[in-house]
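Let me begin by presenting the structure, written as structure tokens, before commenting on it.
The values are calculated or read from the model by the stated rules, or taken from the named source; none is laboratory data. Please read all numbers here as calculations on a predicted model, not as lab measurements. With ideal geometry, Cβ positions are generated from the backbone for all residues, glycine too; neighbour counts draw on all protein chains shown. When the accessible area is computed, the model is the full protein with side chains, heavy atoms only, and any ligands, DNA or RNA have been set aside. Shrake-Rupley method; radii C 1.70, N 1.55, O 1.52, S 1.80 Å.
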Amino acid sequence: DVKVTQSSRYLVKRTGEKVFLECVQDMDHENMFWYRQDPGLGLRLIYFSYDVKMKEKGDIPEGYSVSREKKERFSLILESASTNQTSMYLCASSWGTGGNTGELFFGEGSRLTVL
Amino acid sequence: AQKVTQAQTEISVVEKEDVTLDCVYETRDTTYYLFWYKQPPSGELVFLIRRNSFDEQNEISGRYSWNFQKSTSSFNFTITASQVVDSAVYFCALILNTGNQFYFGTGTSLTVIP
């Protein structure tokens, strides 16, 4: 059964803490994505990566960074968490490019609360 | 720029009713792909369908059907004889043939009342 696994379902952090959200996929997909989901705003793309050590900014990259040292793993980093980063974070992966891109496979999500 | 609009924020229907979820998209590209995803209360988004811009044939899968109309830039999703298990948030998405980025609508929350 193919899978995208996010390391934590629920996290509670304090303002100013550094936060790591880990995502691992076992499908050998080239592309990996981090989205943020907030009520009424849908899914907003933070960063994506189409290859190891490659990254591209999405729509809302401010306050976030990412790391992709291995093909199967894509990490989202909040250098100094703030309360407005309280949200549900979704990791996804897909194969191919453009017209040859398959559908996105999503993890279960990580709900982050920043106090 | 690309945009996907799901104007219906929330819909409630009684079980066994039919319901249509609207999706309107904007793009200047001629080759693109459209998707529908379901997000049940458990949280994990599940792929439902992928359709390319050259294939306007409607598709039916059990109680689910999709109506793609290029002339109105719409890709609507109909659930026939709705069931409580259909209660979820549904997202429409677009990807261009030339890109890696998916553009999502804001989602429609469907509640099916028993």
Subject >> Members of region A:21-62 that are surrounded by fewer than 18 Cβ atoms within 10 Å (Cβ to Cβ), part of a strand (DSSP E or B) and in contact (Cβ under 8 Å) with a residue 40 or more places away in the chain >> reply: A:Asp38
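Quick check on this structure: which one of B:Thr5, B:Thr30, B:Thr20 is open to solvent by 40 Å² or more (accessible area, probe 1.4 Å) and within 11 Å of chain A (Cβ to nearest Cβ)? Walk me through it before giving the result.
Numbers: B:Thr30 fails: within 11 Å of chain A (Cβ to nearest Cβ); B:Thr20 fails: within 11 Å of chain A (Cβ to nearest Cβ).
Just a single option satisfies the conditions, and that option is B:Thr5.
Return the residue satisfying two criteria in turn: it lies in region A:63-81 and is in a loop (DSSP other than H, G, I, E, B) and surrounded by 13 or more Cβ atoms within 10 Å (Cβ to Cβ), and of such residues it is nearest to the chain's Cα centre (by Cα).
To start, the set of residues in region A:63-81 that are in a loop (DSSP other than H, G, I, E, B) comprises A:63-64, A:71-72, A:79-81.
Remaining after also requiring surrounded by 13 or more Cβ atoms within 10 Å (Cβ to Cβ): A:63-64, A:71-72, A:81.
Working: A:Gly63: 13, A:Tyr64: 10, A:Lys71: 14, A:Glu72: 13, A:Ala81: 15 Å.
Out of the qualifying residues, it is A:Tyr64.
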Original post:
Among (1) open to solvent by less than 20 Å² (accessible area, probe 1.4 Å); (2) outside any loop (DSSP other than H, G, I, E, B), where does B:Ser82 come up short?
Top reply: (2)
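Counting just the residues of region B:81-110 that are farther than 23 Å from B:Ser42 by Cα and in contact (Cβ under 8 Å) with a residue 40 or more places away in the chain, which one comes out nearest to the chain's Cα centre (by Cα)?
B:Leu94
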Original post:
Would you say B:Phe68 is of a type in the set (Phe, Trp, Tyr), farther than 16 Å from A:Gly102 by Cβ and either outside any strand (DSSP E or B) or over 16 Å from the mean Cα position of the chain (by Cα) (or both)?
Top reply: no
Subject >> Residue check, B:Ile113 touching a residue at least 60 places away in the same chain (Cβ under 8 Å), among the hydrophobic types (A, V, I, L, M, F, W, C) and surrounded by 13 or more Cβ atoms within 10 Å (Cβ to Cβ) >> reply: no
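Which count do you get for residues in region B:45-73 that are on the phi > 0 side of the Ramachandran plot and either polar (S, T, N, Q) or open to solvent by less than 40 Å² (accessible area, probe 1.4 Å) (or both)?
Pass one, region B:45-73, residues on the phi > 0 side of the Ramachandran plot: B:62, B:73.
Keeping just the survivors that are either polar (S, T, N, Q) or open to solvent by less than 40 Å² (accessible area, probe 1.4 Å) (or both) gives B:73.
So the count comes out to 1.
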**OP:** Check B:Tyr103 against each of (1) within 14 Å of chain A (Cβ to nearest Cβ); (2) at positive phi and name the one condition it does not meet.
**Re:** (2)
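Does B:Ser42 qualify as being polar (S, T, N, Q) and open to solvent by less than 40 Å² (accessible area, probe 1.4 Å)? First the steps, then the outcome.
Details: polar (S, T, N, Q): yes; open to solvent by less than 40 Å² (accessible area, probe 1.4 Å): no.
No.
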Original post:
Here are A:Glu103, A:Glu108: which of them is in a loop (DSSP other than H, G, I, E, B), crowded, with 16+ Cβ neighbours inside 10 Å and without any contact (Cβ under 8 Å) to a residue 12 or more places away in the chain?
Top reply: A:Glu103
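Of all residues in region A:42-79, count the ones that are over 26 Å from B:Tyr90 (Cβ atoms) and within 14 Å of another protein chain (Cβ to nearest Cβ). If you could, list the steps in order and put the result at the bottom.
Quick first cut of region A:42-79, residues over 26 Å from B:Tyr90 (Cβ atoms) only: A:49-57, A:61-73, A:75, A:77-79.
With within 14 Å of another protein chain (Cβ to nearest Cβ) added as a condition, the list becomes A:49-51, A:54-57, A:61, A:68.
Total meeting the criteria: 9.
Do we have any residue at all in region B:72-87 that's at the interface with chain A (Cβ under 10 Å from one of its Cβ atoms) and farther than 26 Å from A:Val4 by Cα? Please lay out each step first, then the result.
Residues of region B:72-87 that are at the interface with chain A (Cβ under 10 Å from one of its Cβ atoms), as a first pass: none.
Scanning region B:72-87, I find no residue that is at the interface with chain A (Cβ under 10 Å from one of its Cβ atoms) and farther than 26 Å from A:Val4 by Cα, so the answer is no.
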Subject >> Residues being touching a residue at least 60 places away in the same chain (Cβ under 8 Å) and open to solvent by 60 Å² or more (accessible area, probe 1.4 Å) - total across region A:6-20 >> reply: 8
